[in-house]
Structures are given as structure tokens and as C-alpha cells.
Amino acid sequence: MTGPFTDFMRRPLWLVIVIFIVGYKLGEALAGVWQRRFTSRSGFRSAEIAAVSKLVGFFATVAGP
């Protein structure tokens, strides 16, 4: 069960990789929170914000990278 994780920890620079991933995800999460606050303070209603974000998310998923 812990085999893959212990194998990963034996590799060089594994801690750098973990720090990079945590930093990336933390920035992404903070951007989402700030975006929500900005749009709500700009006068948009919650229903409008949800509709646009779901629509953009759907088309981004369908279009792919």
C-alpha cells in the first residue's frame, strides 16, 4: 500500500516536486476564492456567476487542452 509513496520518496529532489505541487494547487485555490469575491463585489449575482463558470468549465472540458 505504501510502496509507491516510499519509492517516490527515495528519488532525488522528491521534496522539491512536492513543494511545487502544493504551491501550484494553493495558488489555484486562492485564485478561485479571489475571483469569486471580485465578481460578487462587481455587482454580479450568484446565479450569474455560477451560470458563466459552469458554461466556461463545460466548454473547456469538451475542447480539451
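Summary table below
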| item | result |
| --- | --- |
| Candidate set: region 53-65, residues that are at pLDDT 85 or above and not polar (S, T, N, Q); chosen: the one most open to solvent (accessible area, probe 1.4 Å) | LYS54 |
| Test: residue in region 35-51 that is in a helix (DSSP H, G or I), under 15 Å from the mean Cα position of the chain (by Cα), modelled with pLDDT of 85 or more and not aliphatic (A, V, I, L, M) | no |
| So ARG36, is it open to solvent by 70 Å² or more (accessible area, probe 1.4 Å) and in contact (Cβ under 8 Å) with a residue 12 or more places away in the chain | yes |
| Failed item in (1) exposed (fewer than 10 other Cβ atoms within 10 Å of the Cβ); (2) at pLDDT 85 or above; (3) of a type outside the set (Lys, Arg), with THR2 passing the rest | (2) |
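The values are calculated or read from the model by the stated rules, or taken from the named source; none is laboratory data. What you see is a predicted model; the values in this text were computed from it and never measured. Note that each Cβ is placed from the backbone with ideal geometry, even for glycine, and that neighbours are counted across all protein chains shown. Surface accessibility is based on the protein's heavy atoms, side chains included, excluding ligands, DNA and RNA. Shrake-Rupley method; radii C 1.70, N 1.55, O 1.52, S 1.80 Å.
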